[in-house]
1. Condition first: within 22 Å of the chain's Cα centre (by Cα) and either over 18 Å from Leu503 (Cα atoms) or of a type in the set (A, V, I, L, M) (or both). Can you find one or more residues in the stretch 571-585 that meet it?
2. Scan the stretch 347-357 and tell me whether some residue there is touching a His at 6+ places or on another chain (Cβ under 8 Å) and closer than 30 Å to Gly164 by Cα.
3. Confirm whether Gly146 is in a strand (DSSP E or B) and either outside the structural domain of Ser115 (by TED's automatic domain parsing) or not hydroxyl-bearing (Ser, Thr, Tyr) (or both).
4. Got a sec? Which of Ala136, Ala94, Ala103 is modelled with pLDDT of 95 or more and in a loop (DSSP other than H, G, I, E, B)?
5. Considering every residue within the stretch 355-362, establish whether at least one is over 22 Å from the mean Cα position of the chain (by Cα), in contact (Cβ under 8 Å) with a residue 40 or more places away in the chain, within 30 Å of Gln317 (Cα to Cα) and in a strand (DSSP E or B).
6. State which residue is nearest to Asp61 (Cα to Cα) when the search covers only the stretch 159-204 and only residues that are of a type in the set (Gly, Ala, Ser) and in contact with a strand residue (DSSP E or B) (Cβ under 9 Å, 6 or more places away or on another chain).
7. Can you tell me which condition Gly382 does not meet? The list is (1) touching a strand residue (DSSP E or B) at 6+ places or on another chain (Cβ under 8 Å); (2) assigned by TED's automatic domain parsing to the domain that holds Val248, and all the others hold.
8. Give the residues of the stretch 207-235 that are among the hydroxyl-bearing types (Ser, Thr, Tyr) and surrounded by fewer than 20 Cβ atoms within 10 Å (Cβ to Cβ), sorted by residue number.
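The values are calculated or read from the model by the stated rules, or taken from the named source; none is laboratory data. These numbers were taken from a predicted model, which means no experiment stands behind them. We place every Cβ from the backbone using ideal geometry, glycine too, and count neighbours over all the protein chains shown.
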Amino acid sequence: MNSYLQIREPSTEKGLTGRRRCLRALVPALLLAGSVCSYAQWQTQSLLIKPGWSAVYLHVDASYQSIDQLVGADLTNPIAELWLWQPNPTMQFASSPQTPTVANSQWINWARIGSGINSTLTTLVPNGAYLVHSLATTNFVWKLKGKPVAPQYHWTISGLNFIGFPTVPNNPPPFDSFLSLAPTLQSLAEIYQYPGGALGPTNPARLFAYHTTPVTRGQAFWIRAGTTFNNYFAPFEVALPSGGSGVVFGDSVSQYTFRLRNTTGTNLTVTLRLAASEPPPTGQTAIVAVPPMLVRGNLDTTTLTYGYTTLSASGGQNWTLTPQGQDGSDIVVVLGINRYTMTNNPGALYAGILQFTDSLGFSEVDVPVSAQVSSTAGLWVGAANVTQVANYLNIYQRDASNSVVVSSNGSYVITGVNTNLGTVAKSFPLRLIVHNNGSTAVLLQRAYYGLRQGTNLVVATQESLLDPAHLDTARRVSATHLPWTSTNATWSFNGPLTPGGTLVTTVLLPYDDQASNPFLHTYHPDHDNLDSTFKTELQQGAESYQVSRTITLNVTAPGNDFTSLTSAGQTLSGNYLETIVLGGLGGASRTFNVAGQFALNRISAIPILTSQ
């Protein structure tokens, strides 16, 4: 059979097909996604470029710069042309050779300025097979820095497949060993490679010496296997949801789930390690550290919590998968991000590379992972559960017979007061509504969340600030234990709501506040704070007391389990303390303390509290 390949092409290049068209469709989405899509992890792929024509397969996304910038501006780079293969269902082997041309719509190309060829390819997309024309007379190692992406392959039974394999960078297996795990493909596959030099009857050339030809990472091969469908590209598959190319936690996602599959007929151990990203190119977002990654473990049936393993370069996570089709050959893996340990400023980027390898030493799948430090700005709603109340018990003096000592005036002799905290029979819930703008947090008696006229969603202090036409979709949250005011006055904490922080504020209930003071009963003559004529207001302590509530929230570290550690970005908890001081006549006072735990959930990330 003629080893020189032709691509039959029914149409001309008038609008990019396949991957290129998808990229165009993605542009608006990328612009809308903004910060999420602009961040990247970085890895350099080394590609051997031979004199003349070579074929490469990109495992990195280098679209952050144009090819003119990456290649054209580098005078030491001998690459003169790049041709990206764009498969479609009509591709076939042909009996006569044909070189890539602009008129061939299964190819889009880039050429150096002045070559006389009109370029239709502007950036280097990943998971693509390229023909590369080098003008050098010796081999050239093209070092291409980009974002690693998970492999995505589409096999066609109608003709050619121009693909590469995610083999290990060093000492890759030969084809006979690599394909032995897919016997049907091994027996039928016709494989061609570009040895360099001019295109012609021996370039591309069919491979016959499978025993010695390595499946080199980054090299592209033409493969066909008749009408046999193939889904074997490595001994294992990392199946990301919705075909995603990476694990993106952003500033709010806490867990990420994917599937790990054995594609062979034997047991296979897959190892996952976390590698650091290379330094980003000039102009790209700085990376502050490798993300603190966790792998969810087994469920503890006693505590109903999941264990975890900390992921690092030195401490890999192993899974032994049963042969394909058996129970245990396709497993679910849940990754988490320990946001409590991400202490940089909000928006700081943590990024790294998840490296999957197999026990055969055949393949390496690199998946980028990134997370941003989340801001705690927004509306937080939760509750404190009071579980302890301070005693206020007199301690009496006793004699040798353990009898209470009586003073000369007939009173028991008091030696002290026991104010220790004691456990209550039933906890008492107190709703907490906290808004944090990033620099200061405030405690609210009520908050409104909904659409504002002519704008968007807001967190407001008054219902009147919302659009009356959309009150059916608005929400109000109230805390009945806090004093109501017509203006919905807030109480400022001493700082922002942050992990590990301590917030303190004081809520004052004046002794004459008929709306909220619990000692006042407006329609009861003994507790209305008025004299017998119902005209003169009495002084503090006569019938009612001033109540001063000093509320302290100590935000503590989450529990040492997978769910608690990974939800720290959206859930905060800790110890609740409250000191209640009752003010009476002549400045007299009595102090009570209560304690418990609190938990807050962020229900909105809107950092502005609208009050007018």
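1. Yes; the residues of the stretch 571-585 include at least one that is within 22 Å of the chain's Cα centre (by Cα) and either over 18 Å from Leu503 (Cα atoms) or of a type in the set (A, V, I, L, M) (or both).
2. For the stretch 347-357, residues touching a His at 6+ places or on another chain (Cβ under 8 Å) and closer than 30 Å to Gly164 by Cα: absent.
3. Here the answer is yes, as Gly146 does meet what is asked.
4. Going through Ala136, Ala94, Ala103 in turn, just one is modelled with pLDDT of 95 or more and in a loop (DSSP other than H, G, I, E, B): Ala136.
5. Taking every residue of the stretch 355-362 in turn, at least one turns out to be over 22 Å from the mean Cα position of the chain (by Cα), in contact (Cβ under 8 Å) with a residue 40 or more places away in the chain, within 30 Å of Gln317 (Cα to Cα) and in a strand (DSSP E or B).
6. The initial filter retains those residues of the stretch 159-204 that are of a type in the set (Gly, Ala, Ser), namely 159, 164, 177, 180, 182, 187, 189, 196-198, 200.
With in contact with a strand residue (DSSP E or B) (Cβ under 9 Å, 6 or more places away or on another chain) added as a condition, the list becomes 159, 164, 189, 196-198.
Details: Gly159: 27, Gly164: 15, Ala189: 29, Gly196: 25, Gly197: 27, Ala198: 28 Å.
So the residue we want is Gly164.
7. (2)
8. Scanning the stretch 207-235 gives Tyr210, Thr212, Thr213, Thr216, Thr227, Thr228.
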